[in-house]
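Since the structure comes first, as structure tokens, the remarks are kept for the end.
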Amino acid sequence: MGNRRLRILLAEDMHMVRGALVALLELEPDLEVVAVVDRGDLIVPAALSCRPDVAIMDVDLPGMDGLTAAETLHDKLPECRTLIMTGLGRPGLLRRAMSAKVSGFLLKDSPAEALAQAVREVAAGRRVINPQLVMSAWDIGENPLSERETEVLRMAAQGDEPREIAVKLHLSLGTVRNYLTTTVMKLNARNRIDAVRIATEAGWLS
């Protein structure tokens with residue numbers, strides 16, 4: 001990179017957090033924030049316009065979530081590295097981030113200096129991932145549910161009753177109930193609500 005400052009795009013929808021992050025990054029002599037957006041669907045157009053070295057983005061953004069934006073950005077501008085920042089330390093998010101070709105994954109409660117260092121690391125082509133997340137993702141393993149079981153549980157998580165799920169999926173009510181029972185057993189959950197919580201935290205309903 002020589003003496004050139006690293007160009008950064010920042011995507012964060014919370015005004016105060018956004019301002020604090022920009023101020024923090026601008027304190028570093030080798031970093032320069034060249035674009036700031038508050039929506040996920042603005043990330044790719046802004047990046048194509050200003051060609052940043054690193055795009056820092058939150059996961060939960062209006063318009064388009066950060067991981068979808070990261071995936072699109074990787075296709076359209078592969079030389080731009082992506083660093084996901086999130087307050088959600090869910091292992092399933094990390095798994096999704098890895099498949100979206102994200103270069104770094106940092107929790108928002110990381111120390112301030114960790115952000116600037118993570119930007120430098122990913123710009124240099126290295127991968128930066130919060131160690132706690134790596135351990136919890138490792139512990140979780142693969143989704144034990146079948147595609148149909150996952151689909152039924154996802155619909156239950158959205159508030160659909162078994163009868164509604166049966167109608168939407170063209171299944172009998174008994175079959176849907178069987179899927180939900182099996183799901184609870186496979187996840188060692190106490191009940192359907194607990195199964196939804198376990199699967200959501202693991203990122204299997206994303």
In straight Cα distance, which lysines are under 18 Å from LYS76, not counting same-chain residues fewer than 8 positions off?
-> LYS101
When only Cα pairs under 8 Å and 6 or more residues apart are kept, what is the percent relative contact order across the range 6-138?
-> 22 percent
Reachable lysines from LYS168, Cα under 25 Å, same-chain residues fewer than 8 places away excluded?
-> LYS186
Measure off 7 Å from each Cα along the Cα-to-Cβ vector at ALA157 and ARG39, then give the distance between these two points in nanometres to one decimal.
-> 2.6 nm
Which one of ILE198, LEU153, THR175 is farthest out on the positive end of the charge dipole of the range 147-202, using unit charges on Cβ (Lys, Arg +1; Asp, Glu -1) and the Cα centre as origin?
-> THR175
Rounded to the nearest 10 degrees, what's the angle between the helix 112-123 long axis and the longest principal axis of the chain, both from Cα atoms, 0 to 90?
-> 90 degrees
Between ILE193 and ARG4, take the C-beta separation as r, use R0 = 41 Å, and let me know the FRET efficiency to the nearest 0.05.
-> 0.20
Can you list residues whose amide H is under 5 Å from VAL128's amide H, if they're 5+ apart or on another chain and H is modeled 1.01 Å from N?
-> GLY104, PHE105
Determine the calculated [θ] at 222 nm for the chain from helices alone, applying -39500 (n - 2.57) to every DSSP H run no shorter than 4 residues and normalising by the residue count; nearest 500 deg cm²/dmol.
-> -15500 deg cm²/dmol
Can you tell me how much longer the chain between LYS186 and LYS76 gets when fully stretched, taken as 0.36 nm per residue apart minus their C-alpha distance, in nm with one decimal?
-> 35.6 nm
Hydrodynamic radius of the range 6-138 per Kirkwood, over alpha carbon pairs, in Å = 14.3 Å
Point-to-point label distance, SER99-GLU142, nm (Cα→Cβ direction, 7 Å offset) | 1.2 nm
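FYI, it's all coordinate maths here, none of it is from the lab. Because the structure is a prediction, the values reported are computed rather than measured. Positions of Cβ are generated from backbone atoms using ideal geometry, with glycine treated the same way; all protein chains shown enter the neighbour counts.
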